Amino acid sequence: MIVGLPKEIKNNENRVALTPGGVAELVKHGHTVYVQATAGEGSGFTDAEYTSAGGTILPTIEEVYNIAEMIVKVKEPIESEYKLVKPNQLLFTYFHFASHKPLTEAMVASKAICLAYETVEKKDRSLPLLVPMSEVAGRMAIQKGANYLEKPLGGRGILLGGVAGVNPAKVLVLGGGIVGTEAAKMAAGLGADVTIMDISLPRLRYLSDILPANVKTVMSTTYNIREAAKNADLIIGAVLIPGAKAPALITREMLKDLKPGAVLVDVAVDQGGCIETCKPTTHENPTFVIDGVIHYCVANMPGAVPYTSTLALTNATLPYVVKLANKGWGDACREDEELRKGLNVINGQIVYKSVADAFNMSYSPVENHL
Ligand SMILES: NC(=O)c1ccc[n+]([C@@H]2O[C@H](COP(=O)([O-])OP(=O)(O)OC[C@H]3O[C@@H](n4cnc5c(N)ncnc54)[C@H](O)[C@@H]3O)[C@@H](O)[C@H]2O)c1
């Protein structure tokens, strides 16, 4: 198969979807890989490394899209890329369709095959291609939150861990999945007073077993969230309902009861956010303030640590990329239920129900297309 590796062009996105090692693996299986010039630069990989791994460098993004049967990317195509996508071309990347109607409409119109990293799902319902980036974002959320709590950046001027004789900061983590657990671990490690909420009692039981004593587990209800939010210095939004828009757990109306200079980090912003007032921001301009509360809502947080993120992501994606290249998307998805769950759009039809439901668009079950 002819595989194309374009350079990411979303604001401040420095990750790349294949390392030179990944290219070598595809070449070993008999595939041809075209790499856009400088695609790996932001993650520390040179064109020369891709060439010696067996890849061929092409100067422009247009040439890569034009020649490739499969495009492997990190982030969803941005508007300037929509016109480059071809009918029957396989795109394997993060899409997060449910929070982005113009993207959904553009991919439907393109008649391409869109296999979304975020909905590839294992039998135990875990999401293997979200896990590595969630680990990064969860850990980073606390670094960022701690930073913005500092007075010069507009925060309350509180140190997460406090010091002897001074209370630590209160951190509220909404959602006890991968992001939430990593955030709670980091905050606890820095000595904060942490509360983590989830709607799953088995998950809360597990978290209460594995997390240190300065993390309390609490059932996620509107009442409990409202009470905990009033006292929190830092709130991390980390809920996920797979393929659907995140529920607004911290509402606009609750903000007036929050502490002035409190910080909200809505990691779930890529699924619409679980803090009602969150709007996607970028690493260039990451925060805004509403009612004296700092909002940090960067939709591609792992993009700021591309070295760690690229290696973590490609460790997880490469086996699927190789399978898709070896068998073609049809056979690969017929055989592999995990990959089949990743299919979101096929030849102009939405085949993932919650994406169709999010925009009241028509839905066609994936089985009709395999
Ligand atoms: N901004 C970024 O750069 C970035 C990076 C990685 C992941 N994310 C996003 O972070 C979010 C969380 O990802 P994850 O991997 O931790 O997902 P996950 O599935 O591991 O965890 C989500 C958790 O939310 C819980 N949940 C659902 N509804 C809830 C509610 N009403 N109250 C409390 N908890 C609730 C679920 O029970 C689950 O435990 C996703 O939207 C993901 O796309 C964003």
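Taking the stretch 292-309, which residues are buried (at least 23 other Cβ atoms within 10 Å of the Cβ), part of a loop (DSSP other than H, G, I, E, B) and more than 7 Å from the ligand (Cβ to nearest atom)? If the condition is that a residue be buried (at least 23 other Cβ atoms within 10 Å of the Cβ), part of a loop (DSSP other than H, G, I, E, B) and more than 7 Å from the ligand (Cβ to nearest atom), then Cys297 is the only one that fits.
Note on the stretch 200-218: residues that are near the ligand (Cβ under 9 Å from one of its atoms) and loosely packed, with under 15 Cβ neighbours inside 10 Å amount to 1. The lone criterion from (1) more than 24 Å from the chain's Cα centre (by Cα); (2) crowded, with 23+ Cβ neighbours inside 10 Å left unmet by Leu249 is number (1).
Give me a count of the residues in the stretch 1-52 that are in contact with a His (Cβ under 8 Å, 6 or more places away or on another chain) and under 17 Å from Pro319 (Cα atoms). Give the derivation first.
Step one: of the stretch 1-52, the residues in contact with a His (Cβ under 8 Å, 6 or more places away or on another chain) are 1-3, 11-12.
Okay, now just the ones that are also under 17 Å from Pro319 (Cα atoms), so 1-3.
The number of residues fulfilling the criteria is 3.
Pick out the one residue from Lys101, Lys10, Lys75 that is under 26 Å from Lys353 (Cβ atoms) and modelled with pLDDT under 95. Talk me through it step by step, then tell me what you get.
Numbers: Lys101 fails: modelled with pLDDT under 95; Lys10 fails: under 26 Å from Lys353 (Cβ atoms).
From the options Lys101, Lys10, Lys75, the qualifying one is Lys75.
Filter the stretch 174-185 for residues that are more than 17 Å from the chain's Cα centre (by Cα) and surrounded by 23 or more Cβ atoms within 10 Å (Cβ to Cβ) and give the result.
Filtering the stretch 174-185 for residues more than 17 Å from the chain's Cα centre (by Cα) gives 184-185.
Matches in the stretch 174-185: Ala184 only.
Kindly indicate whether Val194 is closer than 30 Å to Glu13 by Cα, more than 12 Å from the ligand (Cβ to nearest atom), in a strand (DSSP E or B) and at pLDDT 95 or above.
Working: closer than 30 Å to Glu13 by Cα: no; more than 12 Å from the ligand (Cβ to nearest atom): yes; in a strand (DSSP E or B): yes; at pLDDT 95 or above: yes.
Spelling it out, it is not the case that Val194 is closer than 30 Å to Glu13 by Cα, more than 12 Å from the ligand (Cβ to nearest atom), in a strand (DSSP E or B) and at pLDDT 95 or above.
Every condition in (1) in a helix (DSSP H, G or I); (2) in the same structural domain as Gly180 (by TED's automatic domain parsing); (3) within 30 Å of Thr46 (Cβ to Cβ) is met by Ala312 except one, and the failing one is (2). Within the stretch 228-244, no residue that is not assigned by TED's automatic domain parsing to the domain that holds Leu174 and at pLDDT 95 or above sits with its Cβ atom under 7 Å from a residue that is surrounded by 16 or more Cβ atoms within 10 Å (Cβ to Cβ) and assigned to a loop (DSSP other than H, G, I, E, B) at 6+ positions apart or across chains.
Of the residues contained in the stretch 96-112, one or more are found to be of a type in the set (A, V, I, L, M, F, W, C), crowded, with 23+ Cβ neighbours inside 10 Å and within 13 Å of the ligand (Cβ to nearest atom).
Specify the residue that is farthest from the ligand (Cβ to nearest atom); the eligible residues are those in the stretch 124-152 that are basic (Lys, Arg) and at pLDDT 95 or above. I'd like the intermediate steps shown before the answer.
So the first thing to find is which residues in the stretch 124-152 are basic (Lys, Arg), and the list is 125, 139, 144, 151.
From what is left, the residues that are at pLDDT 95 or above are 139, 144, 151.
Working: Arg139: 11, Lys144: 10, Lys151: 25 Å.
Checking each candidate, the answer is Lys151.
If you go through the stretch 200-243, how many residues are under 17 Å from Ser126 (Cβ atoms) and assigned to a loop (DSSP other than H, G, I, E, B)? Looking only at that region, the number is 7.
The values are calculated or read from the model by the stated rules, or taken from the named source; none is laboratory data. Note that the structure is predicted; figures quoted are calculated from it, not measured. Cβ: placed from backbone, ideal geometry, glycine included. Neighbour counts: every protein chain shown.
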